[in-house]
Amino acid sequence: MRPTDDTPDLQCTIEDTVAIVRLRRPAKRNALSDGLILALRQTFETLPEGVRAAVICGEGEHFCAGLDLSELRERDAVQGLHHSRLWHQTMDAIERGRVPVVAALHGAVVGGGLELASACHVRVADDSAYFALPEGTRGIFVGGSGSVRIPRLIGVARMTDMMLTGRVYDADGAERIGLVQYRVAAGQALSKAIELARRIAANAPMTNYALMHALPRIAEQASDHGLFTEALISAIAQAAPEAKARLHDFLRGKAAKVRKDA
Ligand code: 1HE
């Protein structure tokens, strides 16, 4: 296990091919200050070459309390615009970066914390997790890409309801509406996320790249364009030497079979 560029509020530890990125402001419930948003971007943009997947988690009782509201007070409109764009760059560095990211969620996953979770590729919630968008109560709007990424997961109607009424989803509800893909017992989110990240890290890199960079674009294309993009990416992926080697192993009976309990 090897720590990399730590700032006081963010720790990145490398375990073989998996990076574990930990929010470390537990006294402030991991609220996302400007410094933390910049450190996240820097960390995901400069992951070491051998890293094939990442996990993001939070220290203490909660994953993340969202925007650090203490930094909001003095911002004018132009500064607000640039601040939101700064968050967008960080979320893009995660979602459209080099490796898939699994979010390990517990406690509060609220406001900007939910925006951060939504930029990840896989979300695991433990039974202590709860999800809300309290921006409405604070008199503000989402600014960290939530209006684009959250409706992709749960639809515009559910996000509107969360912001209009202050509705809070528990882990069970979050799994039911598609906000998270996995639900585990309290205290188990990180270990499950690491297990999934290890599986992801074992995939052919081109498959992971296609899932991160082609699939979301295809989903937004007209179906004729989407099918054409799919054909191109599929042809590139299957021509990679790693794909040929994996196919060869399977045909010689040396590859793992699909098992129903995997
Ligand atoms: C904070 C923040 C924060 C806690 N910014 N300081 N997010 C919110 O509206 C959520 C606000 N936070 C909460 O509702 C609660 O703190 C929690 C449910 C997350 C946790 O409750 P609890 O009882 O464990 O902790 P606490 O006692 O409320 O907070 C502990 C300390 O953290 C306290 O500071 P202290 O100096 O009095 O000890 C809190 O002030 C501080 N703290 N959350 C700053 N968010 C790009 S746009 C995104 C827009 C948004 O994210 S808006 C939603 C913001």
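Return the residue satisfying two criteria in turn: it lies in the range 143-169 and is among the hydroxyl-bearing types (Ser, Thr, Tyr) and over 15 Å from the mean Cα position of the chain (by Cα), and of such residues it is surrounded by the fewest Cβ atoms within 10 Å (Cβ to Cβ).
The qualifying residue surrounded by the fewest Cβ atoms within 10 Å (Cβ to Cβ) is 165.
Check the range 240-262 and report whether any residue there is touching a Ser or Thr at 6+ places or on another chain (Cβ under 6 Å) and either of a type in the set (Val, Ile, Thr) or not in a loop (DSSP other than H, G, I, E, B) (or both).
Looking for residues that are touching a Ser or Thr at 6+ places or on another chain (Cβ under 6 Å) and either of a type in the set (Val, Ile, Thr) or not in a loop (DSSP other than H, G, I, E, B) (or both), one finds none in the range 240-262, hence no.
Residue check, residue 113 against (1) out of contact with any Gly (no Cβ under 7 Å at 6 or more places or on another chain); (2) within 8 Å of the ligand (Cβ to nearest atom), all met but one. Which one?
If we test residue 113 against (1) out of contact with any Gly (no Cβ under 7 Å at 6 or more places or on another chain); (2) within 8 Å of the ligand (Cβ to nearest atom), just (1) comes out false.
Out of the residues in the range 66-86 that are part of a loop (DSSP other than H, G, I, E, B) and over 16 Å from the mean Cα position of the chain (by Cα), which is farthest from the ligand (Cβ to nearest atom)?
It comes out as 76.
Sort through 56, 94 and tell me the only one that's modelled with pLDDT of 95 or more and either in contact with a Pro (Cβ under 6 Å, 6 or more places away or on another chain) or assigned to a strand (DSSP E or B) (or both).
56
I'm trying to understand the selection: among the residues of the range 130-148, which are within 12 Å of the ligand (Cβ to nearest atom) and either closer than 27 Å to residue 200 by Cβ or not in a loop (DSSP other than H, G, I, E, B) (or both)?
130, 131, 132, 135, 136, 137, 138, 144, 145, 146, 147
Condition check ((1) under 25 Å from residue 196 (Cα atoms); (2) modelled with pLDDT under 90; (3) surrounded by 12 or more Cβ atoms within 10 Å (Cβ to Cβ)) across all residues:
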{"site": "223", "(1), (2), (3)": "no, no, no"}
{"site": "226", "(1), (2), (3)": "no, no, yes"}
{"site": "241", "(1), (2), (3)": "yes, no, no"}
{"site": "254", "(1), (2), (3)": "yes, no, no"}
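Would you be able to tell me the number of residues in the range 184-203 that are more than 18 Å from residue 129 (Cα to Cα), among the hydrophobic types (A, V, I, L, M, F, W, C) and outside any loop (DSSP other than H, G, I, E, B)?
4
From the list 126, 170, pick out the single residue that is touching a residue at least 24 places away in the same chain (Cβ under 8 Å), in contact with a Phe, Trp or Tyr (Cβ under 8 Å, 6 or more places away or on another chain), among the charged types (D, E, K, R) and more than 10 Å from the ligand (Cβ to nearest atom).
Only one candidate qualifies: 170.
Identify all residues within the range 47-82 that are closer than 14 Å to residue 25 by Cβ and of a type in the set (D, E, K, R); write none if there are none.
Residues satisfying the conditions are 59, 61, 68, 71.
Return yes or no: is residue 96 surrounded by 15 or more Cβ atoms within 10 Å (Cβ to Cβ) and either over 25 Å from residue 188 (Cβ atoms) or of a type outside the set (A, V, I, L, M, F, W, C) (or both)?
Taking the combined requirement at face value, the residue does not satisfy it.
Of all residues in the range 33-47 being in a loop (DSSP other than H, G, I, E, B) and touching a Lys or Arg at 6+ places or on another chain (Cβ under 9 Å), which is farthest from residue 111 (Cα to Cα)?
Going through the qualifying residues, I end up with 47.
Can you tell me which residue in the range 51-85 is farthest from residue 182 (Cα to Cα), limited to those that are of a type in the set (A, V, I, L, M) and buried (at least 16 other Cβ atoms within 10 Å of the Cβ)?
67
The values are calculated or read from the model by the stated rules, or taken from the named source; none is laboratory data. Everything quoted here is computed from the prediction, not taken from an experiment. As a convention, Cβ positions derive from the backbone with ideal geometry for all residues, glycine included, and neighbour counts pool all protein chains shown.
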